[in-house]
1. With springs connecting C-alpha atoms under 10 Å apart, model chain B as a Gaussian network and identify which of B:88, B:181, B:190 has the largest mean-square fluctuation.
2. Take every residue in peptide B:117-124, count the Cβ atoms of other chains within 10 Å of its Cβ, and give the average of those counts.
3. Return the calculated 222 nm mean residue ellipticity for chain B, to the nearest 500 deg cm²/dmol, obtained by summing -39500 (n - 2.57) across DSSP H runs with n ≥ 4 and dividing by the residue count.
4. Quick check: the angle from helix B:159-174's long axis to the longest principal axis of chain B, C-alpha only, nearest 10 degrees?
5. For a Förster distance of 56 Å, can you work out the FRET efficiency between the beta-carbons of residue A:41 and residue B:204, rounded to the nearest 0.05?
6. Based on the Cβ-Cβ distance of residue A:260 and residue B:103, what FRET efficiency does E = 1/(1 + (r/R0)^6) give at R0 = 45 Å, to the nearest 0.05?
7. Translational diffusion coefficient, Stokes-Einstein: compute it for the protein assembly as shown using the Kirkwood radius over C-alpha pairs as Rh, at 25 °C and 0.890 mPa s, and state it as an integer in µm² s⁻¹.
8. Once a ≥ b ≥ c are taken as the square roots of the eigenvalues of the Cα gyration tensor of region A:74-177, is the result rounded (a/c under 1.5), prolate (a/b larger than b/c) or oblate (a/b not larger than b/c)?
């Protein structure tokens, strides 16, 4: 990981950061295996450079962004809480830029209602993408409603802890939507497409009853198999004093984002 | 075909009791080792969950081993019946440790959360039921109970089939997707339970084949 320069971002968070070693060794990135340590152990052969991201679909000026160009965007420090749907959380100092800054460069059409994202497929570099038992179908796909995508909290992250993203964290570019469960934060993005219909999302395709399109962090709506009322802070407390904290609506970002969902039934639209 | 049992040297009878105690000690080693690792930072950044899961997986492995004793004897002539009680009791200890870690270290005695989990979440309901069903089996795992209960003991201990099935379902429902590891454990349990369904006709068929041969001699 190479050092990255960034300016302080607009959202301050006064919480203890999750240790870097935890952020970079306790990961869900099924393209590299389903165990938490797999992504760090199995991503050595992955090549995050050269890289480019195609932005296409309902846009006036479709464009393929090279990584150099992406790293020249105005990068900000964005420390966010990250809440995994499995019931654990971290506080991560990301480096990135608002997704809206990228979208502004391609002239989205008024008819575009959603943004669809796609992860790279490279079975030869990503061992979870080949073999007999594959956890999901590839490519991993995710999506956001246009207003969610344009929200100033939504960023494309290119680094963490002052350096470019390690492979296991979604190098070289990934999505971070801090009020949604972590799996919405699609990693190693190669394609962004503006579309009219709600896009397919990988976990919903895998199990629609358990993982919805919205997947906003919500302590009042349990996962069918476990409670979402509390979360375990990774890297704190250790073996004999697991640190459990209450999960907050919209992961603590309700003031900024609750208005996006006015009038929506968040139990039905989980 | 020479029976597989011929390939395994027989353990002299005087070592039988000792070997069972060795099995208890060896069987508890994974738990001790993982506990040491968890307590000293060797199990990663979520040591409680990892320890909890490892105990559960070893419980399933011990149940698989317990269920394998009968087919090993029927099909391969390997008589390890003397180890079955130890394997079954070890499985019970692992299930108990698995639950204790969940209760003490994971949910930290938050009984409301534990109760909610057991009542509302099928995989935890099933896992907890399997733990409860194991208790009468563990309590009656001694020679005195076998003598006292007679046929009732055999009927009671058939509960292990239900427990094994429950354990497998608990595992499938607990993982986000069934990959190679879970699949192997579940397939073995399925195979061993399936064997019980075909055991009687299979043994009758084998006996039937042997008898005419003997008569011709």
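Only the coordinates and a few stated rules stand behind these numbers; no lab work does. Predicted model only: the values in this text are computed from it and were never measured. Neighbour counts are summed over all protein chains in view; Cβ atoms, including those assigned to glycine, are modelled from backbone coordinates with ideal geometry.
1. It is B:181.
2. 3
3. Rounded to the nearest 500, it is -26000 deg cm²/dmol.
4. 40 degrees
5. 0.65
6. Calculated value: 0.70.
7. In µm²/s, the coefficient is 96.
8. In terms of gyration-tensor shape, oblate.
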